[in-house]
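**Student:** The structure under discussion is supplied below as structure tokens; questions concerning it will follow.
Only the coordinates and a few stated rules stand behind these numbers; no lab work does. Source: prediction; values computed, not measured. For neighbour counting, all protein chains shown are included, and Cβ atoms are generated from backbone atoms with ideal geometry for every residue, glycine included.
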Amino acid sequence: MRILIVRVGNIGDVLMVTPFIRKLRELHPQGTIDFLTSPQAYPIVRHNIYVNHIFLYEKYQRFDRKIRRLFLKNRLKRNPYDLVFILELHPQYKEF
């Protein structure tokens, strides 16, 4: 099973997701758990033993929101997931 967790918030926001990641690993010990986060929160996730791959969602200042969403959609198409948990309230993530 391939699982993606999307939490692009700050360090504290991402830290609060740690118990959720651990529980997912308990439920799917042989699965792949990928995590999409911000560069600011990367240090919190990079040593998490329950995460297989980390993707960074960088907010390039020269690209507008539509282009960033297009990049994210293309990445998700290349790596299809069985489950996607979007732990964000911002409306830009609703279409995934």
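**Student:** Applying 1/(1 + (r/R0)^6) with R0 = 22 Å to the Cβ-Cβ distance of TYR81 and GLU26, what FRET efficiency is obtained, to the nearest 0.05?
**Tutor:** Values: r = 19 Å, r/R0 = 0.85.
My answer for the efficiency is 0.75.
**Student:** Within the P(r) computed for the range 1-52, what percentage of the Cα pairs occupies the region above 12 Å? It would help to have the intermediate numbers written out before the result.
**Tutor:** Values: 775 of 1326 pairs.
Of all Cα-Cα distances in the range 1-52, 58 percent exceed 12 Å.
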